[in-house]
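Working notes, structure below.
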Amino acid sequence: MARYIGPVCRLCRREGQKLYLKGEKCFSQKCPVVRRPYAPGQHGQVNKKLSEYGLQLREKQKAKRIYGILETQFANYFEEADRIPGITGENLLRILEMRLDNVVYRLGLGRSRTEARQVVRHNHILVNGKKVNIPSYQVKVGDVIEVKEKSKGLQRFKDITDTTASRIVPEWLEADMDNLKGKVVALPERDQIDIDIQETLIVELYSK
């Protein structure tokens, strides 16, 4: 499966804000966005006024980078969101939030979405008691997500839970960190998705 393997801090700098792609580093003074708050590259410090299309494109790129998704899959998600009754932009964010790797991250079983994706890929996660190692798997309301019993004693999960103990779990999820498990109790509403994305710009971009 294709994936971005370059330096992720450059992605945050390109978007001009923290996308929280590196876990705890993003909250420290070592974060490159804090140290170098301008775009990477030779002309990164030149202020450029973006066109309407440029603003829409940047918003799409930001969403892709936050969730770690490449172009074709993101376009497929948009088509799916457009078919579902309701507001297309909110449907799109809901689909992205219901990805298994994102739910693992939201529950605090990964310090970043990248780490959560790795946890899923390495067969550490069960959904309703069955092994699922596909990060893009769409969870449903009522699904129980947990770390499998053989993996609970691994040092990585002790480190993860120590780091994410204070993280606020969104209202649409129910977490049991003592047992490294959680449950999807509802579909996320827009005001429960705490990411700085103007989804209407993405809809405008794809509607051209």
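The values are calculated or read from the model by the stated rules, or taken from the named source; none is laboratory data. Computed from a prediction, not measured in an experiment: that's the story for all the values here. Note that we place each Cβ from the backbone using ideal geometry, even for glycine, and neighbour counts take in every protein chain shown.
Observations
- The single condition among (1) without any contact (Cβ under 8 Å) to a residue 40 or more places away in the chain; (2) over 20 Å from THR88 (Cα atoms); (3) loosely packed, with under 12 Cβ neighbours inside 10 Å that SER207 does not satisfy is (2).
- Complete set of residues in segment 125-175 that are part of a helix (DSSP H, G or I) and under 22 Å from PRO188 (Cα atoms): THR164
- Residue among GLU90, GLU115 that is crowded, with 17+ Cβ neighbours inside 10 Å, at pLDDT below 95 and under 16 Å from the mean Cα position of the chain (by Cα): GLU115
- Being without any contact (Cβ under 8 Å) to a residue 12 or more places away in the chain, in the same structural domain as LEU107 (by TED's automatic domain parsing) and either under 19 Å from the mean Cα position of the chain (by Cα) or surrounded by 11 or more Cβ atoms within 10 Å (Cβ to Cβ) (or both) is a description that applies to ASP176.
- Whichever residue in segment 139-157 is over 18 Å from GLU174 (Cβ atoms) and out of contact with any Leu (no Cβ under 7 Å at 6 or more places or on another chain) and, among such residues, is surrounded by the most Cβ atoms within 10 Å (Cβ to Cβ): SER151
- Qualifying residue in segment 158-172 (condition: without any contact (Cβ under 8 Å) to a residue 40 or more places away in the chain, surrounded by 14 or more Cβ atoms within 10 Å (Cβ to Cβ) and not hydrophobic (A, V, I, L, M, F, W, C)): no
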